[in-house]
Structure formats: structure tokens, C-alpha cells
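Undergrad: Have a look at the structure that comes next, please.
The values are calculated or read from the model by the stated rules, or taken from the named source; none is laboratory data. Since the structure is predicted, the reported quantities are computational estimates derived from the model, not experimental observations. Note that we place each Cβ from the backbone using ideal geometry, even for glycine, and neighbour counts take in every protein chain shown. The area values use the complete protein model at the heavy-atom level, side chains included, leaving out ligands, DNA and RNA. Shrake-Rupley method; radii C 1.70, N 1.55, O 1.52, S 1.80 Å.
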Amino acid sequence: MTCGADLLNSGHAVVRVHTRLMAGARRSARERGKSDPIDAEAVARVALREPDLPKACLDGPSRDIKLLVDHRRTLVAQRTAIGNKLRWFLHELDPELAVASRGLRRLCILDHLAQALIQHHGTLAAIAAELVTDCRRLLERINALESHIRRLVTARAPHLLAIPGCGVLGAAVIIGEAADATRFVSKAAFARFNGTAPIPVRSGNKVRVRLNRGGNRTVNHALHMIAVTQVRGDGEGAAYFAKQLTVGKTKD
């Protein structure tokens, strides 16, 4: 079954139809009951009847950003898998060839490993050298994609980059996953979409809230990284965090 995300990635617009709007369409349908075909027909009738439904769409530049971010994520996963195997082989060849946690993200480190592996012989060393070459190729491609994304985001949404803690990739994720943020009627609706709105939990006369683990987790992660960066630096996030500590909240 095709979901809304697949339709968006394919360049189609997706409208959100609330279930209460489908009641009349179901009553006037030729078939009684509830099934996927019946629901699909009811949704289609409502979408044609209501012109102002919230619409998610990725126009040309936004869709390009979304596709590039997803492609970069795939390449990063490939680099991570190759890097893990390379570290294991390096440790077996020579424990002195240990690489720092993020060392394989640096071209100079990969060049150093390539030179060091020349001194080793055998099948294991040959495979390790090939993995170094693969890591370098992926790293160069990832860096090129990030530069391309930077140009698109700078032209598309410079206001996002002006937010303290919001980098190019975070802004790109928000653009691609939000699919036109103007479709949200309020900030609260957007918070509900990305899972940052707390969920109220009522017990007697007490109203508490718990962490929302739903919503779009990709956007949630991007917003989390922006918040963490602001807390470590200056700005509204750091001021808000300090204020919460003064009223008795904990860092946990």
C-alpha cells in the first residue's frame, strides 16, 4: 500500500481528511460497511468537495532537498558499515592502526591509512586497502552532496539558517519533512506533527504531561539537535533552559 510519504517523495500533493468529514460520504455511498475501497472513495469525495483541506506538497526545490538528504543518509549508512568492518580488520592487522571515533570522516586520516597498509601483505591487508578506498569515495560524495544541499537551503530558507544551532542538514530535514510548513494552522499543530508537544496525563484533579514519542521523529531529531546546541551556547534556548533549572527542574 502506498503511504503519504511515498506520494510526497514522488512529487504528488497529499491532503489530510479528518474522519468526521467522511461520515456523510459514507452514508451516501452505494455500498454499506467499512473497507479500504469504501474508505478510499469517501476520502476522495471529501477531497473533491472541500477545497481548503491542509495540503502537504514538495515543490521543485523542496523535493530536491528532500531527495538529496535521503540519498546522503543512505551513503552515510554505507560508510558507517564499511568503516566498522575496516576498524575490525585494522585491529587484526596492527593494533597501532587504531583510528579515532570520527577519524574516518577525514580525508587526511584515510590517506594515512592507505600509506600504512602498503607495508602489510596478504588478503586481509588487500581487503582493508579496498575498504579505505571505498570510504574515501563515499566521503567525497557525501561532502559534495552537503555542499549542494547548502546551496539549495541557503536559497530556499535562509531564515532557518539564521536560527542559532540550526545547521544546513537540520534545516534541510525540516524543509523536506514538513512539506510546506504553512499548511499547519498554528505552532501547536506543527509541534503535534513533529512530536514536541507533550501529551497531557490526567489523574484526578492533577494534570501532568508525558513525553510524546509519536510524530515525525526525523524532524524531532533535527529540533532536538538545535535545542542541544542552543543550550550549550547562548540564545533563547540557553536562557529558557537556565530558567527551568531555577524553578526546580533537573537536567534529566
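Undergrad: Report the full-extension gain for the segment Lys85 to Ala40: residue separation times 0.36 nm, less the Cα-Cα distance, to one decimal in nm.
TA: 11.5 nm
Undergrad: Name the shape class, rounded, prolate or oblate, that the alpha-carbon gyration tensor gives for the range 93-252, where a ≥ b ≥ c are the square roots of its eigenvalues, rounded holds for a/c under 1.5, and otherwise prolate holds if a/b is larger than b/c and oblate otherwise.
TA: Note, shape of the range 93-252 comes out prolate.
Undergrad: Would you list, by chain and number, the aspartates and glutamates whose Cα falls below 20 Å from the Cα of Lys243, excluding same-chain residues fewer than 8 positions away?
TA: Qualifying aspartates and glutamates at Cα under 20 Å: Asp234, Asp252.
Undergrad: Then there's this: With the cut-off at 1.5 for a/c, could you classify the range 157-252 from its C-alpha gyration tensor as rounded, prolate or oblate?
TA: It comes out oblate by the Cα gyration axes.
Undergrad: Right, next: Testing the spin-label approximation: label points 7 Å from Cα along Cα→Cβ at Val201 and Ala189. State their distance in nm.
TA: Those two pseudo-labels are separated by 2.9 nm.
Undergrad: Give me the net charge for the shell around Gly176: Cβ to Cβ below 13 angstrom, other residues only, Lys and Arg +1, Asp and Glu -1.
TA: So the surrounding residues net to 0.
Undergrad: Next question, about the same structure. When the chain is fully extended, how far beyond the present Cα-Cα distance does Asp180 get from His224, taking 0.36 nm per residue of separation?
TA: Taking 0.36 nm per residue and subtracting the Cα distance, the gain is 13.8 nm.
Undergrad: Could I ask something else about it? Of all the accessible heavy-atom surface of the chain, with the other protein chains kept in place and a 1.4 Å probe, what percent is carbon and sulfur? Don't jump to the answer; show the numbers that get you there.
TA: Numbers: 9210 of 16780 Å².
Percent of accessible area from carbon and sulfur atoms in the chain: 55.
Undergrad: Lys and Arg at +1, Asp and Glu at -1: add these up for the other residues within a Cβ distance under 12 Å of Asp59 and post the number.
TA: Cβ neighbours under 12 Å give a net charge of +2.
Undergrad: So how much accessible area does Ser147 have, in Å² to the nearest 10, using a 1.4 Å probe?
TA: Surface open to solvent at Ser147 totals about 60 Å².
Undergrad: Another one. Measure off 7 Å from each Cα along the Cα-to-Cβ vector at Lys55 and Lys243, then give the distance between these two points in nanometres to one decimal.
TA: 3.8
Undergrad: Now, a different point. What residue among Gly165, Ala125, Asn143 has its Cα farthest toward the positive end of the dipole of the range 104-199, where the charges are +1 on Lys, Arg and -1 on Asp, Glu, each on the Cβ?
TA: Gly165
Undergrad: Go ahead and run the numbers for FRET between Ile118 and Arg217, Cβ-Cβ distance against an R0 of 35 Å, rounding to 0.05.
TA: Numbers: r = 44 Å, r/R0 = 1.26.
Step by step, r from the Cβ atoms, then E = 0.20.
Undergrad: For the chain, what does the accessible surface come to per residue with a 1.4 Å probe? Please give it in Å².
TA: 67
Undergrad: Cut-off 10 angstrom, C-alpha nodes, Gaussian network model of the chain. Which of Lys66, Lys85, Lys206 fluctuates the most?
TA: Lys206
Undergrad: Need one number: nm distance between label points at Arg137 and Ala155, each 7 Å from Cα along Cα→Cβ, rounded to one decimal.
TA: 3.0
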